[in-house]
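Report on the following structure.
Please treat every number below as a calculation from the coordinates, not as lab data. Note that the structure is a prediction, hence the values are computed from the model and not measured. With ideal geometry, Cβ positions are generated from the backbone for all residues, glycine too; neighbour counts draw on all protein chains shown.
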There are 2 protein chains.
Amino acid sequence: METPWDHRYAMRTQRMASSAIRELLKLTEKPDIISFGGGLPAPDVFPVEDFKAACMCVLDQWGPQALQYGTTEGFLPLREMIARHTARYGLQITPDNILITSGSQQALDLIGKVFINRGDHILVEDPTYLGALQAWNAYGAEYVTVPIDDNGMNTDVLEDKLRTGPKFIYVLPNFQNPTGVTLALERRHKLIELADRYGIPIIEDDPYGQLRYEGEHLPSVVVLDNQFRENNGHPYRGNVIYLSTFSKTLAPGIRLAWVVAPAEVIRKLVQAKQGADLHTATFNQIVAYEVARGGFLDRHVWMIRRVYGERRDIMLDAMEEYFPSGVQWTRPHGGLFLWATMPPEMKSAEVLKTAIEQKVAFVPGEPFYALGGGHNTMRLNFSNATPEKIRLGIQRLGNVMKEQMAAKGLLQKI
Amino acid sequence: METPWDHRYAMRTQRMASSAIRELLKLTEKPDIISFGGGLPAPDVFPVEDFKAACMCVLDQWGPQALQYGTTEGFLPLREMIARHTARYGLQITPDNILITSGSQQALDLIGKVFINRGDHILVEDPTYLGALQAWNAYGAEYVTVPIDDNGMNTDVLEDKLRTGPKFIYVLPNFQNPTGVTLALERRHKLIELADRYGIPIIEDDPYGQLRYEGEHLPSVVVLDNQFRENNGHPYRGNVIYLSTFSKTLAPGIRLAWVVAPAEVIRKLVQAKQGADLHTATFNQIVAYEVARGGFLDRHVWMIRRVYGERRDIMLDAMEEYFPSGVQWTRPHGGLFLWATMPPEMKSAEVLKTAIEQKVAFVPGEPFYALGGGHNTMRLNFSNATPEKIRLGIQRLGNVMKEQMAAKGLLQKI
């Protein structure tokens, strides 16, 4: 039925669409579905007991303050703790360089609000994180894309794209969402040099950096950028805004993340956040502080790495066994996702349709491409389902692929 | 020092400014300040023990689910509870008409994102809630204002203003922030009739409706609007979007509020929220649900009414005693604020400067006027400080006023 609101929507809503991932999350709430869909941490690794102890501690020690309004910047001891944590990775910052956000999604939204004018071009990986596109579409962003391969963003192509004058570069260097690939060290250096040469700043989104299951930790882009500037006698720092989150290491249901940026940028983001939600829940910030301090989070991350690393291996083994030849996939060194590419004749939306009848879900790759494409790709999450379900789900998914490929005459061809 | 971000801010940031209230909140964190500034609930009324019990219960009963990602719409049992609560006040809705937001500030932001094109005019009360202006300035809103008096928005002036074609009307009918005044019943009817005649929808912001300390509860605009439509055989409902919150009845530090709107509007707001922060913290929603169900919140609101009503009386008595003649103020029947108006020669910013030296803070009225004005007005919060501090703070504030009025020769005049 018509309401008086129908013809009053703002122009920007034309580019808003319900995220495929969110809609899928609803679907996968049904307990009999094996979901490789959302980027959900395993419920088995949530520190429920530690969380409970922290809630008690916070309400006993902080009492009413934990339930009261707080400052927009975020709970100071939490910001101090993040600054100490960041220093361990070679980045010297103060709490003035940190804004606590209601999940990294809010950080992306605030960055859009503060930096993107309608028609601005943002340079993104192809494919890239869907949530960033969703946040920035609302501000009228357009995109320039750089393809990725097993070593992340292809920096050989980057220079040409930088000449088009993007407002900033958006990169997920570690175990990228959606593909799981990691930006190689030499490419990180190349990215920083090129960004400097063309005067284009960088947003580094790093939700999974702590979740590495093999290989050596690579320094983050923000750390390398600071070193680059120091070595080259640059008068300023701060070409990189860095985002990270407690969603993957602690729990997503508390919606807690942070931005690291030059203090002046933080002030602008604070102004935007004041209008957006005043501040992130005080209680959650103090609870996270209590859970994380004293080294608990470090120990907890070790446990998560073991569990997720095992699940990744199980999924890779199962894919090897059950996926038809002609399908390729990434072998991530960490994170939550891997990425499968079927022959170009295949459509992952069609595979999904049948797979859901078989009680298996995943996210088709197409929405992760800012400029379209990827109809034959899919993102598979390996952190959420149990090992048994991973094997079973991959087997079913492999069968669906085989049937559809056979129907298209693709199995014989190979 | 210059950073590469300096010249990349979006145009909309020119209209973003740090909220006076937020900046003041930082100031009033100092324990020796008597603050009539922020809209802070009294810490003494926070149900810390009940909250603790609810945290235990949630983590025991819901376990990992309370820490996992959730749907954007919000936790279904909480939305069902809100629908039941709303039905008690004569509004029949389903959970599809409800979106849980990260505080009402986020509801205002999402409304801006979904409805406001640059240059759209929004009809607001003069003065109105600063946070709404702050949220909507970022979307390029312009304003049409309607003055208020002791009976709320002056509906005699409203019709002329509606002819200018505002996108929607924004009204805080109960114990308005900042003035504390309540929209009289006959004016509610008039507002609804005029809004219908000119085809302009209404946003009703009602954070304080439960906090009435004297007089009879007045039906909310959304309820009256539905009755009006039914009586007049209108084919549709939904001319009013209604906002409320747990911030004032439970605790602001959990950032939990809700929007009631036609289902189609909720769907648009959900899309906007997906890009803004994915969803409101699952844990907080389930805790609020556990705290609120079983009637606790009703009993708790009774207690809050008693405490705040007493503090309002104490502040009014103290103002009578200590404020110089020539200063006028509102006598709210509920809510958190009252509003004082000094002679036009006075500047509340100057009073604030001296008051802070005397360890008393309040919010100058000027930023609440969408089109400027109100330099001689101030908002005084009576819920946060203890009775003793209220008396002491009002005495000091009265003395500052007297000194400055005497210096301007205003005390003799009266």
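What the pair-distance distribution of the range B:4-161 shows, using all Cα-Cα distances binned every 10 Å from zero, is 8, 20, 31, 29, 11, 1 percent. Under 13 Å of direct C-alpha separation, and excluding same-chain neighbours fewer than eight residues apart, A:Lys408 reaches these aspartates and glutamates: A:Glu345, A:Glu350.
Applying 1/(1 + (r/R0)^6) with R0 = 60 Å to the Cβ-Cβ distance of B:Tyr198 and A:Asp32, what FRET efficiency is obtained, to the nearest 0.05? The formula returns an efficiency of 0.70 here.
Summary value for the range B:48-295: 28 percent relative contact order, contacts being C-alpha pairs under 8 angstrom separated by 6+ residues. Annotation: amide H-H contacts under 5 Å for B:Asp126 (H modelled 1.01 Å from N, sequence separation of 5 or more, or interchain): B:Val146, B:Ile148.
Evaluating 6.51 cos²θ - 1.76 cosθ + 1.60 at θ = phi - 60° for every residue in the range A:230-244, the Karplus couplings come out as 5, 5, 9, x, 5, x, 10, 10, x, 6, 10, 9, 10, 10, 8 Hz, glycine and proline recorded as x.
Of the residues A:Arg299, B:Arg267, the one with the fewest other Cβ atoms within 10 Å heads the list, and the complete ranking is A:Arg299, B:Arg267. Phi-derived couplings, Karplus 6.51 cos²θ - 1.76 cosθ + 1.60 at θ = phi - 60°, listed residue by residue for the range A:280-286: 7, 2, 4, 4, 4, 5, 6 Hz, with x used for Gly and Pro. Each other copy places its own label point for A:Asn231 at 7.7 nm from this one, sorted shortest first, where the point lies 7 Å along the Cα-to-beta carbon line. Modelled label positions at A:Cys57 and B:Thr164, each set 7 Å beyond Cα in the direction of Cβ, lie 5.5 nm from each other.
Which percent of the Cα-Cα distances in the range A:50-294 go past 31 Å?
Result for the distance tail: 22 percent.
Straight-line cross-link reach from A:Lys389 at under 20 Å between alpha-carbon atoms covers these aspartates and glutamates, not counting any fewer than eight positions away in the same chain: A:Glu29, A:Asp32, A:Asp44, A:Glu310, A:Asp313, A:Asp317, A:Glu320, A:Glu321, A:Glu357. Taking 4.7 Å between beta carbons as the limit, the unpaired Cys residues of the protein assembly as shown are A:Cys57, B:Cys57.
Taking only the alpha carbons of chain A, we obtain Rg and Dmax values of 21.6, 69 Å in that order. Under conditions of 37 °C and 0.692 mPa s, the range A:136-270 yields 207 µm² s⁻¹ as its translational diffusion coefficient, taking Rh as the Kirkwood radius over Cα pairs in the Stokes-Einstein equation. Taken one residue at a time, the phi angles of the range B:295-300 give Karplus couplings (6.51, -1.76, 1.60, θ = phi - 60°) of x, 4, 4, 4, 4, 5 Hz. Gly and Pro are set to x.
Is there a pair in B:Lys248/B:Lys402; B:Lys161/B:Lys347; A:Lys273/B:Lys359; A:Lys268/B:Lys167; A:Lys359/A:Lys402 whose C-alpha atoms are over 26 Å apart, and which pairs would that be? All intermediate terms of the calculation are to be shown ahead of the outcome.
Details: B:Lys248/B:Lys402 33 Å; B:Lys161/B:Lys347 29 Å; A:Lys273/B:Lys359 28 Å; A:Lys268/B:Lys167 28 Å; A:Lys359/A:Lys402 17 Å.
Long pairs (Cα-Cα over 26 Å): B:Lys248/B:Lys402; B:Lys161/B:Lys347; A:Lys273/B:Lys359; A:Lys268/B:Lys167.
The mean count of C-beta atoms from other chains within 10 Å of the C-beta of residues in B:117-123, rounded to a whole number, is 2. With both labels modelled 7 Å from their Cα along Cα-to-Cβ, the A:Asn117 to B:Asp298 distance reads 5.6 nm. Note on B:Lys190: aspartates and glutamates with a C-alpha under 19 Å away, same-chain residues under 8 apart excluded, are B:Glu125, B:Asp126, B:Asp149, B:Asp150, B:Asp156, B:Glu159, B:Asp160, B:Glu204, B:Asp205, B:Asp206, B:Asp225, B:Glu230. Under the simplified labelling scheme, the B:Gln14-A:Asn231 pair shows an inter-label distance of 4.1 nm, with each label point 7 Å from Cα along Cα→Cβ. Normalising by the residue count of chain A, find the relative contact order in percent from Cα pairs under 8 Å and 6+ residues apart. It comes to 23 percent, rounded to a whole number.
Name the residue, out of B:Leu371, B:Leu269, B:Leu338, whose mean-square fluctuation peaks in a Gaussian network model built on chain B with Cα pairs under 10 Å. Greatest mean-square fluctuation among the candidates belongs to B:Leu371. For A:Gln68, the residues whose amide H sits under 5 Å from its own are B:Gly253, ignoring neighbours fewer than 5 places away on the same chain, with H placed 1.01 Å from N. Taking amide H as placed 1.01 Å from N in the peptide plane, B:Thr101 has its amide H under 5 Å from the amide H of B:Ala257, B:Trp258, B:Val259, each at least 5 places away in sequence or on another chain. Evaluated at q = 0.11 Å⁻¹, a Debye calculation over the C-alpha positions of the protein assembly as shown (equal weights, vacuum) places log10 I(q)/I(0) at -1.28. If R₀ is 45 angstrom, what is the calculated FRET efficiency for the pair B:Glu320 and B:Val157, using the beta carbon separation as r and rounding to 0.05? After rounding to 0.05, the efficiency reads 0.90.
A Gaussian network model of chain B, with springs between Cα atoms under 10 Å, assigns the largest mean-square fluctuation among B:Arg118, B:Arg293, B:Arg88 to B:Arg88.
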